[in-house]
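What follows draws every value from the coordinates through simple rules; no lab data is involved. None of the values given here were measured: they were computed from a predicted structure. FYI the Cβ positions are ideal-geometry reconstructions off the backbone, even for glycines, and counts take in every protein chain you see.
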Amino acid sequence: MESETLKKKETRLLTVSDAEKDSDALRTAGQIIRQGGLVALPTETVYGLGANALNPQAVKNIFLAKGRPQDNPLIIHLEDASQAQLYAKNIPPVYYELCRRFSPGPLTVILPKKDVIPPETSGGLDTVAIRIPAHPAARAIIHWARVPVAAPSANLSGSPSPTTAQHCIHDLWGKVDAIVDAGECSVGLESTVISLAGEKPILLRPGAITPQMLREVLPELVIHEAVTQKLANGIRADSPGMKYKHYAPKAQITILDADSEEFVEYVNSHAKEGLFALCFAEDIDGLKVPYVSLGKDEADQAKKLFAALRELDERGAKQVYARCPSKEGVGLAVYNRLIRAAAYHEFAPQDEEE
Ligand code: AMP
Ligand code: MG
């Protein structure tokens, strides 16, 4: 019987200021993965917790370190789209067209898997999720690992995804072999996930590669209803990650579908101890309660959301009113993460009184 607990590990912090200059650190990180270890590593989306995707025990250790449910499959990260055929079969030509446009980058594609991918990695499914990351440090680590790198977000399951090495240190110190620090992630939200393994291409998780961008290559792309709504009872989760509560800080979050003026007025008139606003830059001047700002536009909001959710916990927020992001472009991805953090609590102050 294999042990179900993870032994305490001596974690090394490897700092990378310039991927080319720090090639020793990146080579070391790759070798740790190759030898079956766990490395928290930077990508352009969020920090990932990397292990050899072909090594069932290394993959099991990812689940143990995160406390992740075993049926929630992992994305494998490759250096180049041409390697996809080693791990996936029946790859439609449109996969390569997508890769020409969006890879390397924040796009994950689900394809039928080959047997070489163990069930531990695919959560027992007959498909595999593949991404080619753009971050130079991630690419160098995969290069030195010389194996596909399975990497979910490097947070404890249920906490916001990590966008800095400090977040990884907070969640995983003593549980992983190394944490590679290359500063803040540029996108800040996990990759867009689409499936090409079913009858029609379907968007399972929105990200920085938006539906509008994808439809240039996949005009028939369907958006799964769970992207913007709670998965109804009895509906199959096409992506197991959809059914789990995510990103939840300790505070109760309520999303207010309001313009700046309505938002500020509603929040100020409900001021009480422990109440915070999760707002946009334009709301700051009017607010009379403590706040965390997500900044100006959708790209800012994407980059700051997860750090903001962690900051609300650190500052002891008990209740949070969050301004509703636009559902356009990358705003759809921000909204998708925020409604999960809010356990789907949302209302428009002009329609109802609490
Ligand atoms: P994370 O690893 O935290 O970025 O989450 C990866 C997401 O991709 C989760 O929501 C998974 O359920 C989803 N995913 C990974 N592999 C598959 C797959 N083969 N089929 C469907 N969804 C997948
Ligand atoms: Mg995650």
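General observations
- Selection count where residues are under 26 Å from K230 (Cβ atoms), in a helix (DSSP H, G or I) and free of Cβ contacts under 8 Å to residues at least 60 places away in the same chain, scope segment 243-286: 2
- Annotation: of all residues in segment 175-211 being polar (S, T, N, Q) and within 16 Å of ligand 2 (Cβ to nearest atom), the one that is nearest to the chain's Cα centre (by Cα) is S191.
- Whichever residue in segment 280-328 is in contact with a helix residue (DSSP H, G or I) (Cβ under 8 Å, 6 or more places away or on another chain) and among the basic types (K, R) and, among such residues, is farthest from A248 (Cα to Cα): K288
- Among the residues making up segment 126-138, those that are farther than 21 Å from A29 by Cβ and either within 16 Å of ligand 2 (Cβ to nearest atom) or out of contact with any helix residue (DSSP H, G or I) (no Cβ under 8 Å at 6 or more places or on another chain) (or both) are D126, T127, A129.
- When segment 194-228 is filtered for residues that are out of contact with any helix residue (DSSP H, G or I) (no Cβ under 8 Å at 6 or more places or on another chain) and in contact (Cβ under 8 Å) with a residue 24 or more places away in the chain, the ones remaining, listed by number, are S195, A197, G198, I202, Q212.
- Checked against the criterion of being among the basic types (K, R) and farther than 24 Å from D71 by Cα, the candidates K230, K327, K243 yield just one match: K327.
- Test result for I62, among the β-branched types (V, I, T), within 16 Å of ligand 2 (Cβ to nearest atom) and outside any strand (DSSP E or B): yes
- Which listed residue is of a type outside the set (S, T, Y), within 11 Å of ligand 1 (Cβ to nearest atom) and surrounded by fewer than 22 Cβ atoms within 10 Å (Cβ to Cβ), from P69, P93, P73, P104: P69
- Qualifying positions in segment 236-270 - more than 16 Å from ligand 1 (Cβ to nearest atom), surrounded by 18 or more Cβ atoms within 10 Å (Cβ to Cβ) and small (G, A, S): A251, A258
- Pairs, first in contact (Cβ under 8 Å) with a residue 40 or more places away in the chain and in a loop (DSSP other than H, G, I, E, B) in segment 116-142, second of a type in the set (F, W, Y) and more than 16 Å from ligand 2 (Cβ to nearest atom), C-beta under 8 Å, six or more apart: V116/Y87; I117/Y87
- Every pair of residues 6+ apart whose Cβ atoms lie under 6 Å, when the first sits in segment 164-178 and is under 11 Å from V39 (Cα atoms) while the second is aromatic (F, W, Y): C168/Y47
- In segment 316-323 there is no residue matching the filter, namely being assigned to a helix (DSSP H, G or I) and surrounded by 15 or more Cβ atoms within 10 Å (Cβ to Cβ).
- Reported count of residues in segment 46-78, each being aromatic (F, W, Y) and touching a Pro at 6+ places or on another chain (Cβ under 6 Å), is 1.
- Residue that is farthest from the chain's Cα centre (by Cα), among those in segment 140-174 that are away from ligand 1 (no atom under 16 Å from the Cβ) and surrounded by 22 or more Cβ atoms within 10 Å (Cβ to Cβ): A145
- When I130 is tested against the conditions (1) in contact with a Lys or Arg (Cβ under 9 Å, 6 or more places away or on another chain); (2) within 14 Å of ligand 1 (Cβ to nearest atom), the lone failure is (1).
- Y47 being under 20 Å from S153 (Cβ atoms), crowded, with 16+ Cβ neighbours inside 10 Å and not charged (D, E, K, R): yes
- Evaluated against (1) within 17 Å of the chain's Cα centre (by Cα); (2) more than 16 Å from ligand 2 (Cβ to nearest atom), Y47 falls short on exactly one condition, (2).
- Sole exception among (1) within 18 Å of Y335 (Cα to Cα); (2) more than 24 Å from the chain's Cα centre (by Cα) for R310, by number: (2)
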